[in-house]
1. For region 180-191, indicate whether the set of residues that are within 13 Å of the ligand (Cβ to nearest atom), crowded, with 21+ Cβ neighbours inside 10 Å and on the phi > 0 side of the Ramachandran plot is non-empty.
2. Condition first: open to solvent by less than 20 Å² (accessible area, probe 1.4 Å) and in a helix (DSSP H, G or I). Now tell me which residues in region 101-125 satisfy that.
3. Restricting region 161-210 to residues that are polar (S, T, N, Q) and within 19 Å of the chain's Cα centre (by Cα), which is nearest to Lys132 (Cα to Cα)?
4. Is it true that Ile162 is open to solvent by less than 30 Å² (accessible area, probe 1.4 Å), assigned to a helix (DSSP H, G or I), of a type in the set (Val, Ile, Thr) and out of contact with any Leu (no Cβ under 9 Å at 6 or more places or on another chain)?
5. Going residue by residue through region 153-173, is there one that turns out to be farther than 19 Å from Val110 by Cα, out of contact with any helix residue (DSSP H, G or I) (no Cβ under 8 Å at 6 or more places or on another chain), within 14 Å of the ligand (Cβ to nearest atom) and in contact (Cβ under 8 Å) with a residue 40 or more places away in the chain?
6. Give all pairs with beta carbons closer than 6 Å in which a residue from region 90-103 that is among the basic types (Lys, Arg) meets a residue that is part of a strand (DSSP E or B) and more than 10 Å from the ligand (Cβ to nearest atom); count only pairs at least 6 apart in sequence or on separate chains.
7. Working only within region 8-31, note down all residues that are of a type in the set (D, E, K, R), assigned to a helix (DSSP H, G or I) and over 14 Å from Ile49 (Cα atoms).
8. Give all pairs with beta carbons closer than 6 Å in which a residue from region 44-55 that is in a helix (DSSP H, G or I) meets a residue that is open to solvent by 30 Å² or more (accessible area, probe 1.4 Å) and basic (Lys, Arg); count only pairs at least 6 apart in sequence or on separate chains.
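The values are calculated or read from the model by the stated rules, or taken from the named source; none is laboratory data. Note that the structure is predicted; figures quoted are calculated from it, not measured. Note that each Cβ is placed from the backbone with ideal geometry, even for glycine, and that neighbours are counted across all protein chains shown. Ligands, DNA and RNA are excluded from the accessible area calculation, which covers all protein heavy atoms including side chains. Shrake-Rupley method; radii C 1.70, N 1.55, O 1.52, S 1.80 Å.
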Amino acid sequence: MREQILENIKDALMRADRENVTKFTKLALDRSVEIKKILDDGLIAGMEIISNKFKCGEIFIPEVLISAKAMHAGMAVLEPHFVKCGIKPIGKVIIGTVKGDLHDIGKNIVSMMLKGACFEIEDFGIDVPPEKFVEAAKKQEIAIVAMSSLLTTSMNSMKDTINALIKSGIRDRVKVMVGGAPVTQGFADLIGADCYAKDASQAVDKAKELLKIKNLK
Ligand code: B1M
């Protein structure tokens with residue numbers, strides 16, 4: 001039954017059927033399916049199928065966009081259940097998809113899971129220029145600058161942001177985390193980031209590691 005609900009979420013996402021994505025995501029929660037399972041085996045699994053169809057030229061940008069909206073609808077159902085921390089935030093993270101890049105699904109999942117793990121999050125959204133990260137990090141006490149990129153053409157903006165942090169004299173005050181489909185550990189090392197995470201769960205573990213926090217959630 002639970003497996004069937006996850007199948008239904010995947011299927012609704014593939015059909016870009018927002019209403020049913022919402023309905024089956026709620027139903028999965030009602031049936032006590034673990035949130036991470038709903039995310040991984042329902043929503044993200046559905047988005048992977050969309051990705052493959054897009055890659056093969058079976059579907060095009062408009063269809064991908066509508067499925068992305070359905071994905072956001074499912075995530076909106078899950079979000080309040082992630083954010084049940086109730087203790088003092090363990091550090092502030094500013095997060096955004098870098099300049100030139102409009103992809104935000106993965107970034108939003110990372111943001112949601114970090115929130116759920118008691119980090120305070122300021123999400124700058126998409127197409128975030130280096131100056132915006134730097135300005136925020138100058139004005140407030142920021143623990144981690146977190147950047148997402150989905151395009152090989154936007155990855156260099158991560159390096160530009162790190163350079164801008166160095167130039168403004170605050171690089172030593174913050175940790176930098178990078179991620180996104182084309183990003184690798186090698187790339188993170190090359191640009192001088194403090195850490196790379198391959199998915200949202202790892203982003204939470206690595207964020208805690210960066211701040212040397214253990215045994216929280
Ligand atoms: Co775009 N797109 N897209 N797209 N799109 C890709 C990325 C692409 C790989 C598809 C393909 O050709 N196979 C390709 C990039 C190729 C490349 O650079 N080498 C591509 C392209 C080319 C484009 C356009 C240029 C297409 C065009 O216009 N001709 C255009 C660019 C627009 C722009 O950004 N300037 C474009 C547009 C779009 C849409 C708007 C239609 C839509 C985005 C909607 C949205 O995000 N609101 C879209 C989508 C949906 C995709 C695919 C199909 C799916 C991406 C996704 O959401 N995956 C994608 C194909 C693919 O990635 N295989 C593709 C699901 C998501 C859960 O995974 O984002 O990887 P992901 O996030 C993961 C991890 O990467 C990680 O954790 C997440 C959760 O586990 N992670 C982090 C992400 N950020 C992290 C940050 C961290 C740590 C971990 O720390 C800070």
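1. yes
2. Once the filter is applied, which keeps residues that are open to solvent by less than 20 Å² (accessible area, probe 1.4 Å) and in a helix (DSSP H, G or I), region 101-125 yields Lys107, Ile109, Ser111, Met112, Leu114, Gly116.
3. Thr161
4. In short, yes.
5. Yes: one or more hits.
6. Lys92/Glu120
7. Arg18, Glu19, Lys23, Lys26, Asp30 - these are the residues of region 8-31 that are of a type in the set (D, E, K, R), assigned to a helix (DSSP H, G or I) and over 14 Å from Ile49 (Cα atoms).
8. Listed pairs, sorted by first residue: Ala45/Lys10; Gly46/Lys10.
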